[in-house]
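Taken together, the values in this text are just the output of simple stated rules run on the coordinates, not laboratory data. On a predicted model such as this, the values are computed, not experimentally measured, just so you know. Cβ coordinates were reconstructed from backbone atoms using ideal geometry, including for glycine residues, and neighbour counts include every protein chain displayed.
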Amino acid sequence: MNLVKLTNLYLDIRSTFSTSFNVSEDTKFDKFSGRKIEKKEFSVHKGLTALALSVSVYYAVSVFFGAPVFEVYSDTLYFSILMTLLTVYPLIWYFFFCDNLIPVLKILSDTKFDNLTESHLHSMVLWTVIGAWVGAFPIPLDWDRPWQTWPITCCIGASLGNSAIHLIIGLKLFYGLFRDRRKVAYNRSV
């Protein structure tokens, strides 16, 4: 009896997460630019698969860089989930709103971007990974403190790197808004 309920629950969840979101119904033309807008679909199932794949990739990379494999596997898994949520999850949302996968791959591999969002996402991924890497420096030191164990310092470093870049991006946007308002006020008085 429980197996039947479990199977039905699995099928319900699978059908829920395999539905696609249609952003536009057909191929249409944009009113302003005259460009073709093609139908694009985002599958929640594909997004969850990408998240699970990235957790396993972060887990493998952590083990390759020296994380314990069997002793504290749950802590390594926690670190992998944190890194996935800080780096890959925003990219999946960006993929949901862009036309194809190429801009997402460009964020990971290029340094020149077409718009401000791609630049911010690249900075966020870079600062998060660098923060986790810098956070690993206190681990081999002989201080024998409880906060020095794996992956506490790496998680703190990744979180601080992500928070710092969000603060920097916010300040840059605020400064740009302030600068543009000052230009408008200056041009109005002339």
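Kindly provide the set of residues from the stretch 39-80 that are hydrophobic (A, V, I, L, M, F, W, C), surrounded by 13 or more Cβ atoms within 10 Å (Cβ to Cβ), in a helix (DSSP H, G or I) and over 20 Å from the mean Cα position of the chain (by Cα), ordered by number. Result: Val63, single match. Tell me, please, whether a residue that is β-branched (Val, Ile, Thr), touching a Ser or Thr at 6+ places or on another chain (Cβ under 7 Å) and closer than 24 Å to Ser74 by Cα can be found in the stretch 113-128. Checked the stretch 113-128: at least one residue is β-branched (Val, Ile, Thr), touching a Ser or Thr at 6+ places or on another chain (Cβ under 7 Å) and closer than 24 Å to Ser74 by Cα. Looking across the stretch 81-113, just one residue is among the polar types (S, T, N, Q), assigned to a helix (DSSP H, G or I) and farther than 16 Å from Val61 by Cα, and that is Ser109. Taken over the stretch 65-93, the criterion of being in contact with a Phe, Trp or Tyr (Cβ under 7 Å, 6 or more places away or on another chain), among the hydrophobic types (A, V, I, L, M, F, W, C), in contact (Cβ under 8 Å) with a residue 24 or more places away in the chain and over 20 Å from Leu105 (Cβ atoms) is satisfied by Ala67, Val72.
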